[in-house]
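Asks: Before I ask anything, let me first share the structure, which is written out below as structure tokens.
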Protein chains: 2
Amino acid sequence: MAEIFDPSTHPHRRYNPLNNEHVIVSPHRNKRPWLGQVEPPQSTELPQYDPACYLCPGNTRAGGRKTEAYKHTLIFENDFAAVLPPPMPEAPVAPHHLLTTDPVGGVCDVLIFHPRHDLTISRLSVQDLQRIIEEWISIYVKRGSQEGIKHVQIFENKGAMMGCSNPHPHGQIWSFTAEPTILAREKVNFIDYSKSIHPHSSAPKGPHGKPCVLCEYAHTEVNLESAERVVVKNEQWVAVVPWWAYWPFEILLLPYHRHIPSISHLTSEEKTSFADILSKVTKRYDNLFSCSFPYSMGIHQRPIPLSLPEETDEDDIVHLHLHFSPPLLRSATVKKFMAGIELMAEAQRDITPEQAAAQLRACSEIHYMDAKE
Amino acid sequence: MAEIFDPSTHPHRRYNPLNNEHVIVSPHRNKRPWLGQVEPPQSTELPQYDPACYLCPGNTRAGGRKTEAYKHTLIFENDFAAVLPPPMPEAPVAPHHLLTTDPVGGVCDVLIFHPRHDLTISRLSVQDLQRIIEEWISIYVKRGSQEGIKHVQIFENKGAMMGCSNPHPHGQIWSFTAEPTILAREKVNFIDYSKSIHPHSSAPKGPHGKPCVLCEYAHTEVNLESAERVVVKNEQWVAVVPWWAYWPFEILLLPYHRHIPSISHLTSEEKTSFADILSKVTKRYDNLFSCSFPYSMGIHQRPIPLSLPEETDEDDIVHLHLHFSPPLLRSATVKKFMAGIELMAEAQRDITPEQAAAQLRACSEIHYMDAKE
Ligand SMILES: [Zn+2]
Ligand SMILES: [Zn+2]
């Protein structure tokens, strides 16, 4: 006779409805010895101003241009952009149908979060975070109004372990003339789910009363008695380690009280509570291993053209959400490797999302560096 | 008027027909300065026998079991398997349709390539490689004949940079009771292409004369006058940096002279030339930056059940191929980071596949460590 299944003990697969992929969870493996590479510890002793940092106020960048003496935030075009502004050259005739090329254009912007070289989102004030959110909204609207732009990707890449070359707090905004692979796939899954015949809860619905996969999911997590994957929530936003999380301490951050297609749809109350939860999530991250926690963060929302709150189209079925993908596994110097079976077959994790959420819930919301003082 | 498009200068997207994704190529960015993390150099001074290595002949492993005193290769079950043998516990009733769990079972095997602790595939003799290929075929047939197994994934994860904890030459074989995400996606794309209406070349065809996307692709690359993405080829096999490569020096290694669904379909001549090209590819890799080149390698083939050369079913449309995914970017200590825009939007590369192939073509097929002697 078969045993009774226990998701904290037995290997199993979980389905990710956003990318239509599975992840294998191997909770019984948590006890195996760690013999792999250990990363250099991240420096936490940074000066408030670094004369060699091209993002500190008044300094000169690698391309020879000068970074203004800004007071709060600063936005400028990346000196080494991955895509160039339209018009693009015309596509050539391909020598074979498997060798086609699509010229792609766009703009790459850099957003400096704060003049202080030594701070990160986790140590900025909620007012500072509100300024960053306003910058995100205005660049989203600005680039989203430019001819030919189909997607505006706001993201932050934090930490040397993620390949980020400069600790000065900053993020990037890449705007493209094509809808990127991951966003296009998510959109298809939002649309497919909106037509699904699953029995739905009393969760908020998308446009025209259609079911939204993330509204349904967030509502479910918040209302489960155990709330075992919820890390933190406030009136409008919730941070969960998603059921289908791939990264050990992955977080999905999203509004759960109503369906919201983009950051340009946020009310001022929703922006304030966005800043609040952003602060709480990143403080818990830093406190988990008492380090400046590395991650990639991305804001996912409906594609361009922008939509207005009074109008709606099919793309409004996309629900605003942020992904946090941190590489750390069990300490400040031991990371997860995306390699081997994961590159060749399927994503796999050992620690369960519920165990990760419990560890993050147990962290303080006072930053460890400020608690010491 | 628009400029004339030049793929070695202008940013563009390329389509990957195996996973239905795009990659952005930004060749104009090659000149930007490198300010990111530098990896510790890999040790090349290894002993032929390491008493602390659990894969060296006669030594004891972490779980307490003993590694036999083998002479050529050795295969054993992983002491810390990610999946456990069937029967699996029954799936529980999910509290919500977005919270379903599928128990997954299987077997994780380890294959030691050679008794010498200090060698790698690149430095083994072609006869040694033929023994490894025979082991791969026999484990594929053995696990593929076991009740419930749906896929057998053969792979090698090489180098500390890929999270590999032991330099002793070895690979792994994970067999699953479910078809993994990446393989399932590739199979769908093989099937879709077989029904496509593209005009096809004189390339080999899949079962029932249907077009095979990889036979068509390999035939095209081999027959292009420039052969600009071909790294090396022999009578049966070709190694190309694929048109849609994501990793800087990614290689797709596959038979191009006939359609072959799995390694169990290989003739003895095809096995010999497989060993030959495996040696040539890995020698060029090591010679590129004069280091033990890290990579993940995976053998992709039709799912289980096994098929026999005399019979055929729809899954035989899958064409045998190997992916090599190496992280290095511009030296033995500078790697590519899969982060930021790539985790959040779309894969992106700077150096073009054609430039990468030219660099690998320029490498010697005599290993740098043997050339010194
Ligand atoms: Zn998303
Ligand atoms: Zn493949």
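Asks: Considering the stretch A:172-227 alone, what residues qualify as being among the hydrophobic types (A, V, I, L, M, F, W, C), more than 30 Å from residue A:79 (Cα to Cα) and in contact with a His (Cβ under 6 Å, 6 or more places away or on another chain)?
Replies: Keep residues of the stretch A:172-227 that are among the hydrophobic types (A, V, I, L, M, F, W, C), which gives A:173-174, A:176, A:178, A:182-184, A:188, A:190-191, A:197, A:203, A:212-215, A:218, A:222, A:224, A:227.
Adding the requirement that they be more than 30 Å from residue A:79 (Cα to Cα) leaves A:188, A:190-191, A:197, A:203, A:212-215, A:218, A:222, A:224, A:227.
A:203, A:212, A:214, A:215, listed by residue number.
Asks: So residue B:138 ticks every box in (1) within 16 Å of ligand 2 (Cβ to nearest atom); (2) more than 9 Å from chain A (Cβ to nearest Cβ); (3) in contact with a strand residue (DSSP E or B) (Cβ under 9 Å, 6 or more places away or on another chain); (4) without any contact (Cβ under 8 Å) to a residue 40 or more places away in the chain but one. Which box is left unticked?
Replies: Evaluating residue B:138 over (1) within 16 Å of ligand 2 (Cβ to nearest atom); (2) more than 9 Å from chain A (Cβ to nearest Cβ); (3) in contact with a strand residue (DSSP E or B) (Cβ under 9 Å, 6 or more places away or on another chain); (4) without any contact (Cβ under 8 Å) to a residue 40 or more places away in the chain leaves (1) as the failure.
Asks: Quick one: count up the residues across the stretch A:339-356 that are within 14 Å of chain B (Cβ to nearest Cβ) and touching a residue at least 24 places away in the same chain (Cβ under 8 Å).
Replies: In the first step, residues of the stretch A:339-356 are kept if they are within 14 Å of chain B (Cβ to nearest Cβ); the result is A:339-354.
Checking the rest, the ones that are also touching a residue at least 24 places away in the same chain (Cβ under 8 Å) come to A:346-354.
Total satisfying the criteria: 9.
Asks: Just for the stretch A:2-19: of the residues that are within 24 Å of residue A:214 (Cα to Cα) and away from ligand 1 (no atom under 12 Å from the Cβ), which one is surrounded by the most Cβ atoms within 10 Å (Cβ to Cβ)? It would help to see each step written out before you state the result.
Replies: Initially, the stretch A:2-19 is screened for residues within 24 Å of residue A:214 (Cα to Cα), giving A:7, A:12-19.
The next check asks that each one be away from ligand 1 (no atom under 12 Å from the Cβ); those that pass are A:7, A:12-15.
Numbers: A:7: 17, A:12: 27, A:13: 24, A:14: 25, A:15: 18.
Here the answer is A:12.
Asks: Give me a count of the residues in the stretch A:189-199 that are surrounded by 13 or more Cβ atoms within 10 Å (Cβ to Cβ) and either over 27 Å from the mean Cα position of the chain (by Cα) or touching a residue at least 40 places away in the same chain (Cβ under 8 Å) (or both).
Replies: Within the stretch A:189-199, residues that are surrounded by 13 or more Cβ atoms within 10 Å (Cβ to Cβ) and either over 27 Å from the mean Cα position of the chain (by Cα) or touching a residue at least 40 places away in the same chain (Cβ under 8 Å) (or both) number 5.
Asks: Ok, one more. Among all residue pairs at least 6 apart or on different chains, which show Cβ distances below 7 Å where the first residue, located in the stretch A:238-264, is within 26 Å of residue A:144 (Cβ to Cβ) and the second is among the hydrophobic types (A, V, I, L, M, F, W, C) and at pLDDT below 95?
Replies: Within 7 Å, the pairs are A:264/A:306.
Asks: Residues that are closer than 30 Å to residue B:91 by Cβ, at least 3 per element: which strands (runs of 3 or more DSSP E) completely within the stretch B:168-282 meet that?
Replies: Details: elements: B:170-176, B:230-233, B:237-240, B:251-255.
The strands (runs of 3 or more DSSP E) meeting that bar are B:170-176.
Asks: Tell me, which residue of the stretch B:157-167 that is among the polar types (S, T, N, Q) and more than 14 Å from the chain's Cα centre (by Cα) is nearest to the other protein chains (Cβ to nearest Cβ)? If you could, list the steps in order and put the result at the bottom.
Replies: Of the stretch B:157-167, the ones among the polar types (S, T, N, Q) are B:157, B:165-166.
With the extra rule that they be more than 14 Å from the chain's Cα centre (by Cα), the set shrinks to B:165-166.
On the way: B:165: 4, B:166: 7 Å.
Ranking the qualifying residues of the stretch B:157-167, first place goes to B:165.
Asks: Next up: Mind telling me which of the residues B:120, B:67, B:73 ends up being modelled with pLDDT under 95 and surrounded by 14 or more Cβ atoms within 10 Å (Cβ to Cβ)? It would help to see each step written out before you state the result.
Replies: Numbers: B:120 fails: modelled with pLDDT under 95; B:73 fails: modelled with pLDDT under 95.
Step by step, each of B:120, B:67, B:73 is checked, and only B:67 is modelled with pLDDT under 95 and surrounded by 14 or more Cβ atoms within 10 Å (Cβ to Cβ).
Asks: What is the number of the single condition among (1) without any contact (Cβ under 8 Å) to a residue 40 or more places away in the chain; (2) out of contact with any Leu (no Cβ under 7 Å at 6 or more places or on another chain) that residue A:282 does not meet?
Replies: If we test residue A:282 against (1) without any contact (Cβ under 8 Å) to a residue 40 or more places away in the chain; (2) out of contact with any Leu (no Cβ under 7 Å at 6 or more places or on another chain), just (1) comes out false.
Asks: Confirm whether residue B:228 is within 27 Å of residue B:11 (Cβ to Cβ) and either touching a residue at least 40 places away in the same chain (Cβ under 8 Å) or surrounded by fewer than 21 Cβ atoms within 10 Å (Cβ to Cβ) (or both).
Replies: Details: within 27 Å of residue B:11 (Cβ to Cβ): yes; either touching a residue at least 40 places away in the same chain (Cβ under 8 Å) or surrounded by fewer than 21 Cβ atoms within 10 Å (Cβ to Cβ) (or both): yes.
Yes, satisfied.
Asks: I've got another one for you. Being away from every other protein chain (no Cβ under 11 Å) and over 17 Å from residue A:262 (Cα atoms) is the filter here; which residues of the stretch A:168-187 pass it? First the steps, then the outcome.
Replies: Step one: list which residues in the stretch A:168-187 are away from every other protein chain (no Cβ under 11 Å), which gives A:168-170, A:187.
Once the filter is applied, which keeps residues that are away from every other protein chain (no Cβ under 11 Å) and over 17 Å from residue A:262 (Cα atoms), the stretch A:168-187 yields A:168, A:169, A:170.
Asks: Further question: Just to be sure I understand, how many residues within the stretch A:298-337 are more than 14 Å from ligand 1 (Cβ to nearest atom) and within 11 Å of another protein chain (Cβ to nearest Cβ)?
Replies: Counting residues in the stretch A:298-337 that are more than 14 Å from ligand 1 (Cβ to nearest atom) and within 11 Å of another protein chain (Cβ to nearest Cβ) gives 7.
Asks: Would you point out the residue of the stretch A:295-309, among those that are modelled with pLDDT of 95 or more and over 14 Å from residue A:319 (Cα atoms), that is farthest from the chain's Cα centre (by Cα)?
Replies: A:295
Quick grid of which residues meet (1) of a type in the set (Lys, Arg); (2) away from ligand 2 (no atom under 16 Å from the Cβ):
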residue: B:158; (1), (2): yes, yes
residue: B:166; (1), (2): no, yes
residue: B:170; (1), (2): no, yes
residue: B:175; (1), (2): no, yes
residue: B:180; (1), (2): no, no
residue: B:186; (1), (2): no, no
residue: B:192; (1), (2): no, no
residue: B:202; (1), (2): no, yes
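Asks: Here's something else I'd like to know. Restricting to the stretch A:206-220, what's the tally of residues that are over 23 Å from the mean Cα position of the chain (by Cα) and in contact (Cβ under 8 Å) with a residue 24 or more places away in the chain?
Replies: Final tally of qualifying residues: 3.
Asks: Report whether or not residue A:154 is more than 12 Å from chain B (Cβ to nearest Cβ) and aliphatic (A, V, I, L, M).
Replies: On the way: more than 12 Å from chain B (Cβ to nearest Cβ): no; aliphatic (A, V, I, L, M): yes.
No: the conditions fail for residue A:154.
Asks: Here is a further query. Can you tell me which residue in the stretch B:22-36 is surrounded by the most Cβ atoms within 10 Å (Cβ to Cβ), limited to those that are modelled with pLDDT under 80 and not in a loop (DSSP other than H, G, I, E, B)?
Replies: Initial filter on the stretch B:22-36 (modelled with pLDDT under 80): B:29-36.
Next, from what is left, pick out any that are not in a loop (DSSP other than H, G, I, E, B): B:29-31.
Details: B:29: 16, B:30: 12, B:31: 8.
Residue satisfying both the conditions and the ranking: B:29.
Asks: Hey, can you tell me all the residues within the stretch A:108-119 that are away from every other protein chain (no Cβ under 12 Å) and within 17 Å of residue A:180 (Cβ to Cβ)?
Replies: Correct list: A:109 only.
The values are calculated or read from the model by the stated rules, or taken from the named source; none is laboratory data. Remember, predicted model here, so these are calculated numbers, not experimental data. When we count neighbours, we look across all protein chains shown, and the Cβ atoms used for this are built from the backbone with ideal geometry, even at glycine.
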